[in-house]
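What follows is a short report on a single structure.
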Amino acid sequence: MDLTEKTIKKNYIYEGKIITVRRDDALLPNGAEAIREVVEHPGGVCVAPLTADGELIFVEQFRYPYMEVVLELPAGKLEKGEDPFEAGKRELEEETGCVAGNYIDCGKFYPSPGYCGEIIHLYAAYNLHKTRMNLDDDEFLTVSSVPVEKAVEMVMNNEIRDGKTQALVLKVANLIKEGKI
């Protein structure tokens, strides 16, 4: 069975600095029509910086939608047309003051596929070298390190709630287990 839905018409409702919201008319596989609400987002990157001591470098920052400080791996939004790998390198240095000698592409993450078209590109980074942080003017965060095993426990105990961070912590732990890092 073909599960593909076809867009009949895109109806733009809101165009903001980061997101655009649409309310589309769609044709379902059975020939019926439906409304699909879509949040367009330029996409993002998330990087898992692994130290020589087997620790992951995290950032903590206030996340307004949740009204709380969230523990995450370094991440950021893609600029229009920006290469995800280059964005990952940029975000790593901006947020942690580190550059990496090696990277592993860990795939893509769809944070909320029911309504949002955002794609987050995941990378592991190792052989780190210190430079300096270069935060955006509206960016405030603290940096900390957690042993990989402890980070896995934190994911499993729901102490790390950010989805992209959960996925990437588990992927990095598996890469280490398989001897790929």
>> Could you check the spin-label model distance between Met1 and Ile18? Points 7 Å from the Cα along Cα→Cβ, value in nm.
In response: 3.7 nm
>> Ignoring everything except DSSP H segments at least 4 long, calculate the 222 nm mean residue ellipticity for the chain; use -39,500 (n - 2.57) per segment, divide by total residues, nearest 500.
In response: -6500 deg cm²/dmol
> So, counting K/R as plus one and D/E as minus one, what does the shell of residues with Cβ under 11 Å around Pro42 add up to?
Replying inline: -1
> Among the DSSP beta bridges whose two residues both lie in the chain, what percent are antiparallel, rounded to the nearest 5?
Replying inline: 85 percent
>> Can you sort Leu50, Leu135, Leu71 from fewest to most other Cβ atoms within 10 Å of each residue's own Cβ?
In response: Leu135, Leu71, Leu50
>> Full-extension gain between Asn30 and Ser145, please, as 0.36 nm times their residue separation minus the C-alpha to C-alpha distance.
In response: 36.3 nm
> Alpha carbon centre of region 132-181 versus region 30-83: separation in Å?
Replying inline: 13 Å
> If you rank Leu3, Leu168, Leu78, Leu73 by fewest surrounding Cβ atoms within 10 Å, what's the result?
Replying inline: Leu3, Leu78, Leu168, Leu73
> Going down the list Lys77/Lys150; Lys77/Lys177; Lys10/Lys164; Lys17/Lys164; Lys80/Lys180; Lys17/Lys150, which pairs span over 25 Å between their C-alpha atoms?
Replying inline: Lys77/Lys150; Lys77/Lys177; Lys10/Lys164; Lys80/Lys180; Lys17/Lys150
> Lys6: which lysines have alpha carbons under 24 Å from its alpha carbon, excluding same-chain residues fewer than 8 sequence positions away?
Replying inline: Lys108
> Farthest toward the dipole's positive end in the chain, which of Tyr66, Thr96, Ile8, given Cβ charges of +1 (Lys, Arg) and -1 (Asp, Glu) about the Cα centre?
Replying inline: Ile8
> Rounded, prolate or oblate: which fits the chain when a ≥ b ≥ c are the square roots of the eigenvalues of the alpha-carbon gyration tensor, with rounded for a/c under 1.5 and prolate only if a/b beats b/c?
Replying inline: prolate
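Here, each number is a calculation from the coordinates, and none is a lab measurement. Everything quoted here is computed from the prediction, not taken from an experiment. Please note: Cβ atoms are built from the backbone with ideal geometry, for glycine as well, and neighbour counts cover all protein chains shown.
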